[in-house]
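This report concerns only the one structure given below.
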Amino acid sequence: MRPQALPAALDAVRPLLEERPGRLIVGLTGPPAAGKSTLATALAAALTNEAGALAVAVPMDGFHLANAELARLGFEGRKGAPETFDASGYVNLLRRLRAGEPSTVYAPTFNRAVNESIGSAIPVAPHVRVVVTEGNYLLLDTPPWDGVRPLLDLALYLDAPHTTRHSALVRRQLARGLSRSDAQAWAGGSDAANARLIESTRDRADRILART
């Protein structure tokens, strides 16, 4: 099923394909469980199949710190907060992708089943025209996250109702083995705090996409 916001996202990207030569970096952000990953994958596929511009989705979540490192830092209960990512590594990857290196660049991904990142899982070949990168903190203005926004040709913000997101967040935590009470607590605690921070960056987007 095509995500509701896909037509609007395509409409935002298509003019840039005509106006700007070389590789485009499209950023997609929004609060947890808004549907960013689904939309980013669908947008990359639609750009490749419908617009004739080879596109690849690259998630920010591939830069989650490993669980062992979170434990060492005392961040186990904050996984998903800005400080629990290798933000500098993410910025450096975007710089390489924007530069259009003559060889394939490999990006990491995040596996929800094992709750860990997997390195070098996403190949981005030199002839890829559009990189769709998605994640929570693309529009933060604090270092080192503030290095992301200048690297984006287009920044899209995906909005979704709180009730829709909360239900999805609880299901996500249940899927990784938490009890229902713990899943509810996580969704209402850490995830809710992260969502408030992300929502404060909304006005830095080029376009707001709505999901009902």
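The values are calculated or read from the model by the stated rules, or taken from the named source; none is laboratory data. On a predicted model such as this, the values are computed, not experimentally measured, just so you know. Because the Cβ atoms are built from the backbone with ideal geometry, glycine has one as well, and the counts that use them run over all protein chains shown.
Within the stretch 69-85, residues that are under 14 Å from Tyr137 (Cβ atoms) have Cβ atoms under 8 Å from residues that are basic (Lys, Arg) in these pairs: Thr84/Arg78, counting only partners at least 6 apart in sequence or on another chain. Residues in the stretch 55-78 that are surrounded by 16 or more Cβ atoms within 10 Å (Cβ to Cβ) and under 19 Å from the mean Cα position of the chain (by Cα): Ala55, Val56, Ala57, Val58, Pro59, Met60, Asp61, Gly62, Phe63, His64, Leu65, Arg78. Somewhere in the stretch 165-180, is a residue closer than 19 Å to Thr38 by Cβ, surrounded by fewer than 17 Cβ atoms within 10 Å (Cβ to Cβ), modelled with pLDDT under 90 and polar (S, T, N, Q)? So far as the stretch 165-180 goes, yes, one or more of its residues are closer than 19 Å to Thr38 by Cβ, surrounded by fewer than 17 Cβ atoms within 10 Å (Cβ to Cβ), modelled with pLDDT under 90 and polar (S, T, N, Q). Answer yes or no: is there a residue in the stretch 67-76 that is among the basic types (Lys, Arg) and closer than 25 Å to Leu158 by Cα. The answer is no, given that none of the residues of the stretch 67-76 is among the basic types (Lys, Arg) and closer than 25 Å to Leu158 by Cα. What about Thr41, is it at pLDDT 95 or above and in contact with a Leu (Cβ under 9 Å, 6 or more places away or on another chain)? It is false that Thr41 is at pLDDT 95 or above and in contact with a Leu (Cβ under 9 Å, 6 or more places away or on another chain). For the stretch 129-143, the set of residues classified as out of contact with any Gly (no Cβ under 9 Å at 6 or more places or on another chain), part of a loop (DSSP other than H, G, I, E, B) and either surrounded by 11 or more Cβ atoms within 10 Å (Cβ to Cβ) or of a type outside the set (Ser, Thr, Tyr) (or both) consists of Tyr137, Leu140, Asp141, Pro143, listed by residue number.
May I ask you to list the residues in the stretch 64-118 that are touching an Asp or Glu at 6+ places or on another chain (Cβ under 7 Å) and of a type outside the set (A, V, I, L, M)? Matches in the stretch 64-118: Asn67, Phe75, Gly80, Phe110. Would it be correct to say that Glu116 is acidic (Asp, Glu) and farther than 24 Å from Pro31 by Cβ? No, not satisfied. Annotation: of all residues in the stretch 195-210 being in a helix (DSSP H, G or I) and touching a residue at least 24 places away in the same chain (Cβ under 8 Å), the one that is nearest to Ala155 (Cα to Cα) is Arg204. Here Arg112 meets the list (1) touching a strand residue (DSSP E or B) at 6+ places or on another chain (Cβ under 9 Å); (2) within 23 Å of Ala71 (Cβ to Cβ) almost entirely, failing just condition (1).
Between Leu10, Leu47, Leu43, the distinction of being surrounded by fewer than 19 Cβ atoms within 10 Å (Cβ to Cβ) and assigned to a helix (DSSP H, G or I) belongs to Leu10 only.
Summed over the stretch 50-98, the residues that are in a helix (DSSP H, G or I) and aliphatic (A, V, I, L, M) give a count of 10.
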